[in-house]
Amino acid sequence: MKSLVDWKRHGIDGWTDGAEPWIYFFERLGELSAQLLGAAGDEVIMAVLTTANLHQLATTFFEPRAGRNKILAE
């Protein structure tokens, strides 16, 4: 219920505000799952969807220039 109370109090700002910002949940879940994968806690992160992550990765590193100014995704 704590998350519901935080959502009521912070709304969308709960991703970065509050005692336990939601943005860090993915890292925490990775730490908790790392042992199952034989990895260190800082080597694993849980993520939403592979497709969404690939889109975020592509847009993060996208550097448009003349003649190469679009991303084509299938």
Normalised by the residues of the chain, what does the relative contact order come to in percent, with Cα pairs under 8 Å and at least six apart? 15 percent
Between HIS10 and ALA52, what FRET efficiency comes out of the Förster formula 1/(1 + (r/R0)^6) with R0 = 22 Å and r the beta carbon distance, rounded to 0.05? 0.45
Applying the gyration tensor rule to the Cα atoms of the stretch 17-58 (axes a ≥ b ≥ c; rounded if a/c under 1.5, else prolate if a/b exceeds b/c, else oblate), the class is oblate
Tell me the angle of helix 25-37 to the major Cα principal axis of the chain, expressed in degrees between 0 and 90 and rounded to the nearest ten. 90 degrees
With every protein chain kept in place and ligands, DNA and RNA left out, what is the accessible area per residue of the chain? Probe 1.4 Å, answer in Å². 91 Å²
Those chymotrypsin sites (Phe, Trp or Tyr not before Pro) in the chain that DSSP places in a loop and that have at most 13 other beta carbons within 10 Å: PHE62
Cα convex hull of the chain: mean projected area in nm², to one decimal? 7.8 nm²
Using Cα atoms only, what is the angle between the long axis of helix 50-61 and the major principal axis of the chain, expressed in degrees (0 to 90) to the nearest 10? 60 degrees
Mean-square fluctuation maximum in Gaussian network of the chain, Cα pairs under 10 Å, restricted to GLU63, GLU43, GLU31, hits GLU63
With PRO21 itself left out, Lys, Arg at +1 and Asp, Glu at -1 over residues whose Cβ is under 12 Å from its Cβ give -4
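The values are calculated or read from the model by the stated rules, or taken from the named source; none is laboratory data. Please read all numbers here as calculations on a predicted model, not as lab measurements. Positions of Cβ are backbone-derived with ideal geometry, glycine not excepted, and every protein chain shown enters the neighbour counts. Please note that ligands, DNA and RNA were not included when accessible areas were found on the heavy atoms of the full protein model with its side chains. Shrake-Rupley method; radii C 1.70, N 1.55, O 1.52, S 1.80 Å.
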